1. Scan Ala384, Ala408, Ala374 and give me the residue that is modelled with pLDDT of 80 or more and of a type in the set (A, V, I, L, M).
2. Can you work out which of the residues in region 521-543 that are of a type in the set (Gly, Ala, Ser) and part of a loop (DSSP other than H, G, I, E, B) is surrounded by the fewest Cβ atoms within 10 Å (Cβ to Cβ)?
3. For Leu765, indicate whether it is surrounded by 16 or more Cβ atoms within 10 Å (Cβ to Cβ), of a type outside the set (Asp, Glu) and within 29 Å of the chain's Cα centre (by Cα).
4. In region 328-376, what residues are open to solvent by 20 Å² or more (accessible area, probe 1.4 Å), within 25 Å of the chain's Cα centre (by Cα) and among the basic types (Lys, Arg)?
5. Out of (1) open to solvent by less than 10 Å² (accessible area, probe 1.4 Å); (2) free of Cβ contacts under 8 Å to residues at least 12 places away in the same chain, the odd one out for Pro477 is which?
6. Please pick out the residue among Ser518, Ser508 that is modelled with pLDDT under 95 and either assigned to a loop (DSSP other than H, G, I, E, B) or surrounded by 20 or more Cβ atoms within 10 Å (Cβ to Cβ) (or both).
7. Of all residues in region 602-658, which are part of a loop (DSSP other than H, G, I, E, B), within 17 Å of Tyr548 (Cα to Cα) and either aliphatic (A, V, I, L, M) or within 28 Å of the chain's Cα centre (by Cα) (or both)?
8. So which residues in region 704-726 are touching a residue at least 12 places away in the same chain (Cβ under 8 Å) and farther than 17 Å from Leu752 by Cβ, if there are any at all?
Amino acid sequence: MFTDLRLALRQLAKNPGFTAVAVIALALGIGANTAIFSVVNAVLLKPLPFPEPDRLAAVGSAETRPSAAGGHGLNSLSYPDFFDFRAQNKCFEELAIHADRNLALTGDREAKGIRGQRVSAGFFEVLGIKPVLGRTFQREDEGSGGGPGGFKVVISHEFWREHFHSDSAAIGRPLTLDAQPFSVIGVMPPGFQFPIQANSIDLYVSIAVDATVYTPGDKPSTEQRGSHSLVAVGRLRPGVTIEQADAELKTIAAALAKQYPESNTNFSAGALPLREDMIGDVRVALYVLFGAVACVLLIACANVGNLLLARALVRGREMAVRTALGASRGRVVRQLLTESVVLGALAGVVGLLLALVGTKALIALVPENIPRAATIELDGVVLAFTLGMSLLTGVFFGLVPALQASQANPANALRDGARGNVGGKHRLRNSLVVVEVALALVLLIGAGLLLQSFARLGQVDPGFRTERLLTARVSLPDSGYADIRKVAVFHDQLLTRIRALPGVKSASAVMPLPLSGSNMTTTFDDEANPKPEGQQPTSPVRIADTDYFQTMGIPVLRGRAPEATDTLDAKLVMVVNERFAQKFFPGQDPIGKRIKPGMSLDEKDAPMREIVGVVGNVRHRNLSSDFSPEMYIPATQFPDTFAILAIRTESPDPTSVTSAVRAELAALDRSVPLANVRPFDEYIARSLARSRFNATLLTIFAGVALSLTAIGIYGVMAYSVAQRTSEIGIRMALGAQSQSIFRLIVGEGMKLVALSLVLGLGGALALSRALGTLLYGVAAWDPLTFIALSFLLTGIAFLACWLPARRAARVNPIEALRAG
């Protein structure tokens, strides 16, 4: 083996040009594969960072009505439903819930927005994580007021290090959150975070914050069965499958629907493996990209295979001598394969260096809403993948040329030198070219479709103006703003102050904000056509303050927008969008109609509201989703402690007014922080991020594939001309014109391209179907894209054939015959 290795290194060193071209071609493919595999490994393959992660399951509700919008994963749960699932199930060791809870940290310094989670007892036990200090939540911590000792909080290791300077005496120390006293009971280990996402979680509070009532007579969130806002996670008992747990949850949900028909009629439940629920629709895009770089590597292998076939012809005499001296066919194959594997190993080293740079670039490009993106790295698994791929690549592109070379007849080879019968090798080389061109066409069309999709998505009208728009979150503590009239006064004063600031054109507030990823849906009933409980239609609902439609640039099509006179004591009104009017009042004027949204301020029967306006449609979920029916309730008649400010500025940089807005908020209440401040353009960019990521990478891969393919075609045709110099000389001596020689060479090359186009179009059609969920505004079978890119590839292939054909047409017959 060492002898073979030394000989292989000597042969490669003797041919530095060949070695450099082969290593660079392969390194491009290996480097791209390694970089993409680092993403695939982190997002799809790497186990979750918890003990026995395969036993973790996501649990949620599922709407069963036929009109319910489809989608991946599970919907949220209500507290009472969760308590019933936790008490009645037999498949889970522990079941817990978690939900976002944005908190205000106050003290000696300015109020600071804190990213937190509210969780139930057993949450950390489900994940199998123990604190490094103190304890986690227990059932008695879930009650109103936080149970014995008051409200409690578990903090992250990073928060402990920054806020308490890693003091081991932090347990029992107080924190003021949302104007309420909390005591620290635990510190989580370093690196722990759940949910796993790009933004870190600072602390975890008990669901006691939702079990506590600050206004006498109100019902706490923990008793509202119709309010869905929680995500559940469970740990399966040993030996229990996810299918068994899913079936049990559906059985419990069916019983709850019979017991509570007014809230649960149209809801079932289910379970999914936690990793599958987290990945969502990212899987298809990553597999497409991984398949694309695999095609690039195959094209590189075909190129190097063609180079090796050419070398095998040149080394025909050498192989014949070895065989004549007693070398077996297996010995010859082993030697040639060793050279190929060494080439692959060298390419792997260079490819790994390229992957180091490529992975850093990928991390910068990866959208933040791709789960586990923060864990992308060149770890041991990725390095092992690179090593294995390098060795397998060496065998893959070297095996066929080695077998071809080992078949040489010593007598013929020694008699004819290096000019033995090469017809079989020409057919093999032509076949490799056909594969290259077909794969390149598949990648080109895939990239073309994604680029078109991204371009059209970027031109989508969201239904409002996004420029010069600043957004920020304001969350009032329930303890200090239990009176809804106090909430209404606060928002009115804050918006009045902001509107008076220099540089501010208009300002308002809404909940939830379009394209923010948040949504709120409720049932409603039509006074003229009432439906029984459980059969009422649903619609997204927004709480919009005065001047919201003006600030956002949403047109009022009929009637009017909410006004300052629409107070708590005035007639209850609402506004709907055009899609709502078309769906629920077809052919009618909705103005003056009375409907009853399934939400109220005091948990009593929700009141009827009169529709006073119809506004334009807005894309709320993302830019690729269609308009949906929506209701808008005036914030002046439905004050909420949580709101998103929308501020239209005169300056092209909307963040220029941030300090002034923060100062006005502090003047009203220093304990309320201005959080999540960002220009609205960031939401637009986030909505486009995945489409841009997919299109950019596939375009890069298609460009590399196209370049390698052009080089491959040129190499085959140039070598063919070199091998046929004597033949060409004879043809020209017998009267063949330069034009006919040119047409002969180009025609042979273009025949290969024509066959490649047929195969490539079939492969592209299959790929386009796989891309279906990633496309927007362009059909999977888009004739313009298929035809245009086929012509592009044909043109490049023609150029690659033109240069060798031009050289052949200029052959001097006398010199060609003398050389032959």
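The values are calculated or read from the model by the stated rules, or taken from the named source; none is laboratory data. Computed from a predicted structure; not experimentally measured. Counting neighbours? That spans all protein chains shown, and the Cβs are built from the backbone with ideal geometry, glycine included. In case anyone asks, the SASA skips ligands and DNA or RNA and just uses the protein heavy atoms, side chains included. Shrake-Rupley method; radii C 1.70, N 1.55, O 1.52, S 1.80 Å.
1. On the way: Ala408 fails: modelled with pLDDT of 80 or more; Ala374 fails: modelled with pLDDT of 80 or more.
None of the other options fit; the residue is Ala384.
2. Residues of region 521-543 of a type in the set (Gly, Ala, Ser): 528, 534, 539.
Those still in the list that are part of a loop (DSSP other than H, G, I, E, B) too: 528, 534.
Numbers: Ala528: 10, Gly534: 16.
Step by step, filter region 521-543, then rank; the result is Ala528.
3. Details: surrounded by 16 or more Cβ atoms within 10 Å (Cβ to Cβ): no; of a type outside the set (Asp, Glu): yes; within 29 Å of the chain's Cα centre (by Cα): yes.
So Leu765 does not fit the description; no.
4. Listed by number, the list holds a single entry, Lys360.
5. (2)
6. Values: Ser508 fails: modelled with pLDDT under 95.
That would be Ser518, the only listed residue that is modelled with pLDDT under 95 and either assigned to a loop (DSSP other than H, G, I, E, B) or surrounded by 20 or more Cβ atoms within 10 Å (Cβ to Cβ) (or both).
7. Listed by number, the residues that qualify are Asn617, Val618, Arg619, His620, Glu630, Ala635.
8. The answer is Val704, Thr725, Ser726.
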